[in-house]
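Trainee: Can you read through this structure? Questions will come right after.
Laboratory data are not the source of any read-out in this text; all were calculated from the coordinates shown. All figures in this text were calculated on a predicted structure; none of them were measured in a lab. Cβ atoms come from the backbone with ideal geometry, glycine included; neighbour counts cover every protein chain shown.
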Amino acid sequence: MSRLDSFIRRLEAQRACLNQAARLIATVPGPILEFGLGNGRTYDHLRAIMADREIWVFERTIAPHPDCMPPEDRLILGDFRDTVDDALQRIGTTAAFAHLDVGSGFVQETRALAAFLAPRVDRLMSEGGLVASDQPLSAPGWDPVPIKGVEPRRYHLYRVTRRARR
Ligand SMILES: C[S@@+](CC[C@H](N)C(=O)[O-])C[C@H]1O[C@@H](n2cnc3c(N)ncnc32)[C@H](O)[C@@H]1O
C-alpha cells in the first residue's frame, strides 16, 4: 500500500470513528474533549456532528486553519502533561466523549504520551462515555468498541465503564 493510500485510510477510519461515536454518545451527558487541535480538521468535524455540545480543546501550539479556531474560553493551552490533571476543575463536569489525536512521527514518544494520558483522561469521563484515539489505549474498565467498516487497530474506540472502581 502506498503512503497516500495509507494516509487516506487513516483519515477515513478517523471520520468513521468520530461519526460512530457521535451516535453512541447521544444519551451520555457532558462536553467533548479534543486532545490535539493541529490544523483543526477533526475539531471542525466534531463541531459539525456534535453541534449541541461544548468542545474543550487541549493543545500546546495553536496554529489551526483560521476557520477552525476554538473560542479562547474553551482552549486548554499547554503541554497535556501540565494541563490534564487540573482540567476537570476547569471544565466543571465530566465528558461524554474524548478524542485523542496526539501522534507524532516519534513512535516511542507517542506511545509514552498515550500511556500517560489514558488514566488521566479516564478521570475526566462520564460513565458510559467514549474515548477515541489514534493510538491504542488501556485503562481499567475501558471496553474496546469495534468501528463499523474499519479494520481493527486502524483507529481505536473505547467505552468507559465501571465507575464504581474509583
Ligand atoms: C496529529 S496532530 C492533531 C491533528 C488534528 N486533530 C487535526 O485533525 O488537524 C497532533 C497535535 O497534538 C499536539 N500535541 C502533541 N503532543 C502534545 C503535548 N504533549 N501537549 C500538547 N499538545 C500536544 C501537537 O501540537 C499537534 O498539533
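Trainee: Looking only at the stretch 20-47, count how many residues are part of a loop (DSSP other than H, G, I, E, B) and either at positive phi or surrounded by fewer than 20 Cβ atoms within 10 Å (Cβ to Cβ) (or both).
Mentor: Qualifying residue count for the region: 9.
Trainee: Could I ask something else about it? Can you tell me which residue is farthest from Ala26 (Cα to Cα) among those in the stretch 38-47 that are near the ligand (Cβ under 9 Å from one of its atoms) and of a type in the set (D, E, K, R)?
Mentor: Looking at the filtered set, the residue picked out is Arg41.
Trainee: When Cys17 is evaluated against the numbered criteria (1) in contact (Cβ under 8 Å) with a residue 60 or more places away in the chain; (2) assigned to a helix (DSSP H, G or I); (3) more than 14 Å from the ligand (Cβ to nearest atom), which criterion, by number, is the only one it fails?
Mentor: It fails just one condition, (3).
Trainee: Working only within the stretch 48-68, note down all residues that are within 12 Å of the ligand (Cβ to nearest atom) and part of a loop (DSSP other than H, G, I, E, B).
Mentor: Within the stretch 48-68, Arg60, Thr61, Ile62, Ala63, Pro64, His65 qualify.
Trainee: For the stretch 7-18, how many residues meet the condition of being of a type in the set (S, T, N, Q) and loosely packed, with under 14 Cβ neighbours inside 10 Å?
Mentor: Going through the stretch 7-18 one residue at a time, the tally reaches 0.
Trainee: Go through the stretch 67-116 and count every residue that is touching a residue at least 60 places away in the same chain (Cβ under 8 Å) and more than 20 Å from Asp134 (Cα to Cα).
Mentor: So the count comes out to 3.
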